[in-house]
Structure formats: structure tokens, C-alpha cells
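In what follows, a structure is listed as C-alpha cells, so that the remarks can point back to it.
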Amino acid sequence: MNNNEVLVKLYVPKIDEQYDIWIPVNKKIHTIITLLVKAVNELTKGYYLPSKMPYLYDKTTACAFDINEKVIETDIRNGTELIMI
């Protein structure tokens, strides 16, 4: 682990799965979503393929993250639970 990444729990309701995943804090949320879609697609061997770009939400507050903010500018920290819908 380093200070450039945080460990989050990602819930993907569409496929009823959850993952513990490291995300870089210096990337914008839209880049993180792209990386997460790719990772989940690989983990499900191509089963997860959303027709449009999903949104990333805080599981606790149900608020969507601004896709133009960097992770470090949000309240995403180690242990944060995220939902990708």
C-alpha cells in the first residue's frame, strides 16, 4: 500500500457482486469509473458490459460523485463503500 491509492469496497448491483479494490487518488472520477468497468469486466470474464457509462455513488450517503473531481478531492478514503450503477 502507498499514499497514492485507497482500498475501497465496490458494489455492482447489476451483477450482484462486490469487490475490494485499490484505486489511485490522483485520477478523476470519470477515469476511475472507466478503470472499474474494465476491471469488473475482466473479473467476470466479459459478463459485465454496461451499455452506457455507469455512475459512482457513496453507499452511505447515496450521493453521486462528480466525474470531474479527483479522488483526493472527494471523501473517498480507505474503507469507503462505493456503488457503481
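The values are calculated or read from the model by the stated rules, or taken from the named source; none is laboratory data. On a predicted model such as this, the values are computed, not experimentally measured, just so you know. Ideal geometry is used to build each Cβ from the backbone, glycine not excepted, and the neighbour counts take in all protein chains shown. These accessible areas exclude ligands, DNA and RNA; they are computed on the full protein's heavy atoms, side chains included. Shrake-Rupley method; radii C 1.70, N 1.55, O 1.52, S 1.80 Å.
Tabulated data for the structure shown
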{"quantity": "On Cα atoms only, tilt of 29-43 relative to the major axis of the chain in degrees", "calculated": "40"}
{"quantity": "Within the range 9-85, GluC sites (Glu not before Pro) in DSSP loop having at most 14 other beta-carbon neighbours inside 10 Å", "calculated": "69"}
{"quantity": "Accessible-area composition of the chain, carbon plus sulfur, in percent [1.4 Å probe]", "calculated": "52"}
{"quantity": "Correct option for Rg/Rh (Cα atoms, Kirkwood Rh) [calculated from the coordinates] among (i) 1.58; (ii) 0.93; (iii) 1.15", "calculated": "(ii)"}
{"quantity": "Accessible area expressed per residue, the chain, with surrounding protein chains retained (probe 1.4 Å, Å²)", "calculated": "64"}
